[in-house]
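Presented below is the structure to which this report refers.
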Amino acid sequence: MPPIPGSGLAKGLAVTLRTMTKKTVTAQYPDTQPELPPRSRGVIGLFEENCTVCMLCARECPDWCIYIDSHKETVPPAAPGGRERSRNVLDRFAIDFSLCMYCGICIEVCPFDALFWSPEFEYAETDIHELTHERDKLREWMWTVPEPPALDPGAEEPKEIAAARKTAEKLATQQAQEAQQAEQAQQAQQNEEGGTP
């Protein structure tokens, strides 16, 4: 059957009329904050205590927008007779958000979970040179990072937790056996002492 002339126009006008009768959903941005998805990519937060200055994030960054400075510090031995060790101490950690393309490679390659996505997005500056944020600002954004989503109830238990649970159960069983053997030995000793005239 051939289409009726003007049916497309009628369908378009019907959509327009339906939309005109609905309430508008335009949010007035400065007054009304948008509801962002929980894992939205805003800025990168730094958890400084986890950073070991391994420089992986700076090396893997395709834009070379991460700047890290550090120095070596000698740590005294933990026990007498031990040897001194040296460790890296973070002096500067900065990200130039005018260069960053928000790919997330730095967050993925960090082996110590020092970098996280924060949903903060209001960090515009009037001068492009002020878009290089130092570690103090990155640390402030760290506290806006949402908690990771809960595991699916039907999901497998992570290997690390399963291994830790097995070790704990094995240790508990071993301690229970040792306690039982000690109790039996004590009871046998009491029986020997009670049977002697």
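Remarks
- For segment 76-197, the share of accessible area belonging to carbon and sulfur comes to 52 percent (1.4 Å probe, ligands and nucleic acids excluded).
- Rotationally averaged projected area of segment 3-154 (alpha carbon convex hull; nm²): 18.6
- Placed amide H near Leu115: partners under 5 Å, 5+ positions off or other chain: Phe47
- Counting only chymotrypsin sites (Phe, Trp or Tyr not before Pro) that DSSP places in a loop and that have at most 14 other Cβ atoms within 10 Å, the longest clean stretch of the chain runs over 1-63.
- Judged by the ratio a/c of the largest to the smallest principal axis of the C-alpha gyration tensor, segment 73-167 counts as oblate, that ratio being 1.5 or greater while a/b is no larger than b/c.
- Accessible heavy-atom area order of Val75, Val43, highest first, probe of 1.4 Å: Val75, Val43
- Residues with amide H under 5 Å from that of Thr132, placed H, sequence gap 5 or more: Phe97
- When shorter helices are ignored and each DSSP H run of at least 4 residues is given -39500 (n - 2.57), the per-residue value for the chain at 222 nm works out to -11500 deg cm²/dmol.
- Phi-based couplings in Hz for segment 54-64 (Karplus 6.51, -1.76, 1.60; Gly and Pro marked x): 7, 6, 5, 4, 5, 6, 7, 5, x, 9, 6
- Residues His129, His71 ordered from highest to lowest accessible area at a 1.4 Å probe: His129, His71.
- Amide H contacts for Leu90 (H built 1.01 Å from N in the peptide plane; partners 5 or more residues away or on another chain; cut-off under 5 Å): none found.
- Listed residues Glu147, Glu156, Glu183, most fluctuating in the chain (Gaussian network, C-alpha, under 10 Å): Glu183
- Exposure ranking of Lys137, Lys159 by accessible area [1.4 Å probe, largest first]: Lys159, Lys137
- Surface exposure of segment 14-57, expressed per residue as accessible area with a 1.4 Å probe, stands at 80 Å².
- Radius 13 Å from Cβ of Thr167, net charge of other residues (Lys, Arg +1; Asp, Glu -1): +2
- Sorted largest first, extent of segment 25-113 alpha carbons per principal axis (Å): 71, 27, 20
The values are calculated or read from the model by the stated rules, or taken from the named source; none is laboratory data. Quick caveat, the model's predicted, so the values are computed rather than measured. Using ideal geometry, Cβ is built from the backbone for each residue, glycine included, and neighbour counts are taken over all protein chains shown. What goes into the accessible areas is simple: the full protein's heavy atoms, side chains included, and nothing from ligands, DNA or RNA. Shrake-Rupley method; radii C 1.70, N 1.55, O 1.52, S 1.80 Å.
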